[in-house]
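So the structure is just underneath, and the comments pick up after that.
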2 protein chains.
Amino acid sequence: MNSVAIVGVGLIGGSFALALRSAGFSGKIVGVSSHPAIREALELNIIDSAEPLDKAVPQADLVYLAQPIGRILDTLHHLEPLVRPDALVTDAGSTKQAIVSTARATLRSCQFLGGHPLAGKEIRGAAAADADLFRGRPYVLTPAHPDDLRTPAAAAFLEVIRNIGAHRVVLGAEEHDRLVAFSSHVPQLASTALAAAIAEHSPESSRVAGPGLLDTTRLALSSYDLWRDIVATNTVEIEDALTAYIQKLEYLRENLRTRQLQEEFATAAKYARTLRGS
Amino acid sequence: MNSVAIVGVGLIGGSFALALRSAGFSGKIVGVSSHPAIREALELNIIDSAEPLDKAVPQADLVYLAQPIGRILDTLHHLEPLVRPDALVTDAGSTKQAIVSTARATLRSCQFLGGHPLAGKEIRGAAAADADLFRGRPYVLTPAHPDDLRTPAAAAFLEVIRNIGAHRVVLGAEEHDRLVAFSSHVPQLASTALAAAIAEHSPESSRVAGPGLLDTTRLALSSYDLWRDIVATNTVEIEDALTAYIQKLEYLRENLRTRQLQEEFATAAKYARTLRGS
């Protein structure tokens with residue numbers, strides 16, 4: 001792998017560039033992004049150079065799509081005449097079914113492998129990029145067939161994932177979208193709903209805000225721009241997961257004074273410990 | 001102020017002792033607690049000595065009740081024959097109406113001032129005590145009358161609050177309980193419900209857990225033992241606040257594909273920034 005094109009040099013694209021370098025990649029890292037993002041990424045030495053898509057992609061062994069989902073879907077429609085046959089195109093989009101099926105329909109000259117690093121911050125942009133963003137985090141890959149992970153291009157990319165400290169999780173695109181509805185999309189909406197409900201019903205509660213409220217409202221700082229696309233491409237799974245969450249809250253409300261509340265606390269604490277690997 | 005009795009030497013009581021020392025208090029700190037808690041607190045030099053309640057309280061200028069709420073209510077029934085007339089009794093309970101009204105009914109020989117430091121961790125016990133736990137945090141006081149803050153004993157305690165780095169917030173007990181239903185009790189139940197719902201409906205989501213899920217499920221690690229009393233002494237306010245939260249979640253679910261979602265994200269992000277003082 002000698003040349004990487006990073007399309008969308010924001011938090012994820014910028015962090016991937018820094019992580020690549022930090023892992024010893026000595027090839028060329030070319031950024032494709034908006035003018036302000038490119039200027040920032042060049043100033044911070046996150047990328048070596050900037051090119052438009054039609055100049056960057058024909059040089060690249062690895063094309064890394066790190067834009068918002070809607071923009072990734074757009075970009076996929078332009079890649080076919082540009083890619084090298086031995087290149088790998090991958091993406092970092094937060095939902096996978098829409099991207100994987102669009103890639104299948106549009107990209108035939110080289111391999112596509114869907115990806116999703118479970119890493120992020122509530123802040124956007126390359127200025128927040130961090131070489132350690134992926135360290136210790138799951139990195140989901142959604143190959144159409146298991147053999148897709150055994151091609152030379154995919155094998156090189158899997159080595160990159162290992163080298164940047166992430167651990168690979170292989171899932172079907174549909175399974176991915178169902179699992180992240182619970183692990184990522186409902187937590188976001190739970191946090192947004194919490195901050196919005198307090199703002200509407202009890203704004204003076206900010207006078208008695210403790211550390212727990214800060215934790216549970218951190219995700220509420222997230223930008224809607226990213227979430228519009230996530231919600232639009234995973235609506236049904238999010239509706240179902242939100243319904244399960246709402247039903248659980250209703251159950252807690254009905255059982256505030258019963259032993260069932262204790263059981264729910266025990267179940268929740270056990271699962272929260274599992275999430276922390278203990 | 002020469003002698004402080006801390007009743008309940010767990011996370012909050014232990015942290016209050018360490019913060020007192022760190023702020024320059026050179027008097028005696030006596031712990032009243034269970035055998036294991038006392039042993040731990042003595043080993044960690046959190047308290048100077050341990051006494052039973054009926055020995056510790058008659059020596060104390062300040063009696064600091066840092067037990068779970070139900071235990072504070074019990075202790076209040078035993079203090080009247082023990083307290084010095086110039087002492088101040090205060091507490092660190094997470095709800096205030098039940099405690100304040102019990103104190104009014106049981107304690108007539110000295111002043112009582114309800115308190116609630118908005119500080120905490122998901123871990124219990126003196127081993128987690130931290131001299132900086134209260135720094136930068138609200139410390140609620142619920143005087144029955146404004147004059148209650150102007151007595152010599154209260155003035156000395158207000159100085160302690162300032163010295164340990166907390167900022168005082170004066171509220172009525174009822175107002176406190178309404179505000180914390182939103183700022184503390186609903187966030188706890190939101191986190192518990194989230195972890196419990198995922199455990200029940202999609203446990204494999206742990207394979208794709210990102211930092212957002214860790215933030216939003218941190219409170220789910222909390223012990224039910226403390227929450228039983230909180231829920232029992234603030235049931236109506238919690239039911240109302242939970243209902244407002246559930247309605248907001250339902251509204252988001254119904255508006256996943258409309259512009260209303262964008263407005264809710266904006267409201268939530270603005271309030272989340274306010275909570276962070278920006």
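The values are calculated or read from the model by the stated rules, or taken from the named source; none is laboratory data. These numbers were taken from a predicted model, which means no experiment stands behind them. Quick reminder, even Gly has a Cβ in these numbers, built from the backbone with ideal geometry, and neighbours come from all protein chains shown. Side chains included, ligands, DNA and RNA excluded: accessible areas come from the protein's heavy atoms. Shrake-Rupley method; radii C 1.70, N 1.55, O 1.52, S 1.80 Å.
Table for the structure above
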read-out: Filter pass, B:Arg39 being open to solvent by 30 Å² or more (accessible area, probe 1.4 Å), assigned by TED's automatic domain parsing to the domain that holds B:Leu141 and farther than 18 Å from B:Leu226 by Cα; value: yes
read-out: Filtered residues of segment A:78-95 (kept if touching a Leu at 6+ places or on another chain (Cβ under 9 Å) and more than 19 Å from A:Leu11 (Cβ to Cβ)); value: A:His78, A:Leu79, A:Glu80, A:Leu82, A:Val83, A:Ala87, A:Leu88, A:Val89
read-out: Selection count, segment B:104-122, where residues are open to solvent by 30 Å² or more (accessible area, probe 1.4 Å) and within 12 Å of chain A (Cβ to nearest Cβ); value: 2
read-out: Test: residue in segment B:165-180 that is assigned to a helix (DSSP H, G or I), among the small types (Gly, Ala, Ser) and out of contact with any His (no Cβ under 8 Å at 6 or more places or on another chain); value: yes
read-out: Long-range neighbours under 6 Å by Cβ, at least six apart or interchain, first residue aromatic (Phe, Trp, Tyr) within segment B:262-278, second crowded, with 20+ Cβ neighbours inside 10 Å and in a helix (DSSP H, G or I); value: B:Phe265/A:Thr192; B:Tyr271/A:Ala195; B:Tyr271/A:Ala199
read-out: Some residue of segment A:191-205 being surrounded by 19 or more Cβ atoms within 10 Å (Cβ to Cβ) and under 17 Å from the mean Cα position of the chain (by Cα); value: no
read-out: All positions within segment A:73-97 that are away from chain B (no Cβ under 14 Å) and touching a residue at least 60 places away in the same chain (Cβ under 8 Å); value: A:Thr75, A:Asp86, A:Ala87, A:Leu88, A:Thr90, A:Gln97
read-out: Test: residue in segment A:117-134 that is under 29 Å from B:Ser205 (Cβ atoms), assigned by TED's automatic domain parsing to the domain that holds A:Phe16, more than 17 Å from the chain's Cα centre (by Cα) and modelled with pLDDT of 95 or more; value: no
read-out: Conditions (1) assigned by TED's automatic domain parsing to the domain that holds B:Gly27; (2) modelled with pLDDT under 95; number of the one not met by B:Ser223; value: (1)
read-out: Any helices (runs of 4 or more DSSP H) falling wholly within segment B:1-116 and containing at least 1 residues that are farther than 23 Å from B:His176 by Cα; value: B:11-22, B:35-43, B:53-56, B:69-79
read-out: Pick from segment B:131-181, criterion of a type in the set (Asp, Glu) and closer than 30 Å to A:Ala199 by Cα, ranking: most open to solvent (accessible area, probe 1.4 Å); value: B:Glu174
read-out: Positions within segment B:229-240 being of a type outside the set (Asp, Glu), in a helix (DSSP H, G or I) and more than 7 Å from every other protein chain (Cβ to nearest Cβ), in sequence order; value: B:Ile230, B:Thr233, B:Val236
read-out: Test result for B:Ser205, over 22 Å from A:Leu214 (Cβ atoms), facing chain A (nearest Cβ under 7 Å) and assigned to a helix (DSSP H, G or I); value: yes
read-out: Failed item, numbered, when B:Gly165 is tested on (1) within 30 Å of A:Glu200 (Cβ to Cβ); (2) in contact (Cβ under 8 Å) with a residue 60 or more places away in the chain; (3) not basic (Lys, Arg); value: (1)
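Conditions tested, residue by residue: (1) more than 7 Å from chain B (Cβ to nearest Cβ); (2) polar (S, T, N, Q); (3) farther than 18 Å from B:Lys248 by Cβ.
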position	(1), (2), (3)
A:Leu226	yes, no, yes
A:Ile246	no, no, no
A:Arg257	no, no, yes
A:Phe265	no, no, yes
A:Ala268	no, no, yes
A:Ala272	no, no, yes
